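Engineer: Please see the structure below; I have some questions.
The values are calculated or read from the model by the stated rules, or taken from the named source; none is laboratory data. These numbers come from a predicted model, not from an experiment. In this analysis, Cβ positions are derived from the backbone assuming ideal geometry, glycine residues included, and neighbour counts consider all displayed protein chains.
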Amino acid sequence: MSNKYFEFRKYQIEQYVKAEYHKKFRKNMRISVRKRQKFMDEMAKKVSKKFGKDVLCLIDFAKGGFFSLISPSHTESTDLGRLFNSFSHKQVAYTSHCIERYSERTDSNENCILKMDSCISDGLLTYGENIGHLTCPTGVFAYDIIDGKMIIKTYINFNLLSEDQVHKFYGSGTATVLPKEYIAEDFSQSDFKLIEEHESFSEQPFPEQF
């Protein structure tokens, strides 16, 4: 990118990561996989806290050095605050509030925009089922449509939903996006079943609730 701000920010992060790298490791020393993973986790937390959650650091241990990349999410200031454009979906943008809530509630320290894009891809399949909300396996996103653009306002992870909200967002229309831990391997252990899964089920009375 031919962008002075981007280049300056990239330089700042690279110098920071370089200093942390040399504090931690001696030159030409062999670094175990466990130590590499620990260092990358530490850098993800420190860099996101110091420089923002739209930053992705790539560390090259084989060369005894590192590379860092700032994910170039386009941002703009609006009445809703600062908006961060999605990388995958041209008509989707996230508020800074949403990024902070997603990071906090999923304990995510790496690039949150990349992770949210993955969740939104699932969530868009449920568009129209609950106006103002998108459902994905990990939780629910609240959105507004403004000037033809979908603004993702906040995120609520699955564990924070009330029983009524679970019924609302994960009812029969969205059963395919249930979190994996809520799907039984043996159909006889499940609290509700999809009729087409088992021929014998059509002969049984439909459960009043699950």
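Engineer: Could you grab me the full set of residues in the stretch 105-127 that are under 20 Å from residue 74 (Cα atoms) and hydroxyl-bearing (Ser, Thr, Tyr)?
Structural biologist: If the condition is that a residue be under 20 Å from residue 74 (Cα atoms) and hydroxyl-bearing (Ser, Thr, Tyr), then 118, 121 are the ones that fit.
Engineer: Which pairs turn up if I take residues in the stretch 38-59 that are part of a strand (DSSP E or B) and look for partners that are among the charged types (D, E, K, R) with beta carbon separation below 8 Å, at least 6 apart in sequence or on another chain?
Structural biologist: Once the first residue is part of a strand (DSSP E or B) and sits in the stretch 38-59, its partners that are among the charged types (D, E, K, R) give 56/110.
Engineer: Which one is surrounded by the most Cβ atoms within 10 Å (Cβ to Cβ) among residues in the stretch 1-30 that are over 18 Å from residue 49 (Cα atoms) and at pLDDT 80 or above?
Structural biologist: Top of the filtered list is 25.
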